[in-house]
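Written below as structure tokens is the structure these notes are about.
The values are calculated or read from the model by the stated rules, or taken from the named source; none is laboratory data. Keep in mind the model is a prediction, meaning the values are calculated, not measured. Heads up, the Cβs are rebuilt from the backbone with ideal geometry, glycines too, and the neighbour counts pull from every protein chain shown. All accessible areas refer to the heavy atoms of the entire protein, side chains included, with ligands and DNA or RNA removed. Shrake-Rupley method; radii C 1.70, N 1.55, O 1.52, S 1.80 Å.
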Amino acid sequence: LADVTEQRVARNQLRDMAERDGLTGLANRTYFHERLELAIARALRSNDHNYALLSFDFDGFKAVNDALGHTAGDHLLVSIGHRLQNIAPDDATVARLGGDEFAILVHTNDEHVVSQMCQQFVDECARPHLISDQPVVSTASIGFVLGASRYEDAEAALRDADAAMYVAKRSGKSQSRMFDESMHAEAIRRLTLESQLRESKFDRDFELKLQPIISIESGQTAGFEALLRWHGPGLEAV
């Protein structure tokens with residue numbers, strides 16, 4: 001007979017290190033990616049396996065780090081993780097992917113159910129956290145995708161959930177958005193514009209315009225508005 005308790009404990013610790021985020025105890029990026037790949041594979045094989053992917057971004061997190069320090073920021077991340085885990089269904093996978101980036105995999109693709117779930121997360125995250133004896137609010141912007149046959153790998157689903165999350169963030173924060181194809185098209189358009197802008201030459205592709213600002217009272221020129229027109233390739237002047 002042999003006592004293998006220490007070996008078992010060591011194996012469990014190694015498994016946790018491989019699968020868990022060291023700060024929050026939630027699933028880490030690697031483990032979450034594996035679970036999402038499995039959900040996608042099951043959904044492609046059978047209509048009975050449904051899923052939805054939620055991508056989170058928390059507003060004001062950098063301000064907490066800057067004002068209260070990184071230790072306070074870590075406490076905020078732990079508090080956020082606890083709240084997400086408390087609301088998420090028991091069979092959901094809740095993960096911290098890095099920084100203040102969280103994601104949740106749930107086993108339903110019912111749009112109404114997922115939308116209600118997102119609203120619960122938004123409402124819960126809008127409540128102040130007590131960090132370093134100070135109330136701190138870090139609202140959530142959420143983007144989500146519903147499991148669909150167009151997804152054959154985890155990266156595509158994560159990309160689209162992130163695109164929807166950024167739309168929610170730009171639309172006023174503390175809200176959720178479901179992905180649609182126009183969001184992907186917009187992301188491609190923005191990436192193309194950025195690439196073209198970096199390749200443009202100032203003396204060739206840009207035109208400076210000065211527009212006078214006239215005082216209504218005196219009729220005199222009070223100043224000028226400077227406009228820089230960019231003649232991008234294949235585009236109207238921007």
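Values for this structure:
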read-out	value
Per residue accessible area of the stretch 21-64, 1.4 Å probe, in Å²	48
Translational diffusion coefficient (Stokes-Einstein; Kirkwood radius from C-alpha pairs) of the chain at 25 °C, 0.890 mPa s, in µm²/s	116
Magnitude of the charge dipole, the chain, Cβ model with Lys/Arg +1 and Asp/Glu -1, debye to 20	200
Normalised convex hull volume, the stretch 99-143, alpha-carbon set, Å³ per residue	80
Of D100, D57, D162, the one that fluctuates the most in a GNM where the chain has Cα springs shorter than 10 Å	D100
Hypothetical label at S132: residues of the stretch 67-84 whose amide nitrogen lies under 18 Å (7 Å Cα-Cβ projection)	67-80
Accessible surface of the chain, 1.4 Å probe, proportion on carbon and sulfur as whole %	50
q = 0.11, 0.16 Å⁻¹, the stretch 121-201: log10 I(q)/I(0) [Debye, one scatterer per Cα]	-0.43, -0.73
Helix axis angle, 111-125 relative to the chain longest principal axis, alpha carbon, degrees	80
From phi via Karplus (6.51, -1.76, 1.60), per-residue ³J(HN,Hα) for the stretch 99-105 in Hz, x at Gly/Pro	x, 9, 9, 10, 8, 9, 10
Candidate lysines for bridging to K169, where Cα separation is under 18 Å - those fewer than 8 sequence places away on the same chain excluded	K62
Distance (nanometres) between label positions extended 7 Å along Cα→Cβ at E194 and L208	2.8
Cα long-axis angle, helix 29-45 against the chain (0 to 90 degrees, to the nearest 10)	90
Accessible surface, the stretch 121-186, averaged per residue in Å² (probe 1.4 Å)	48
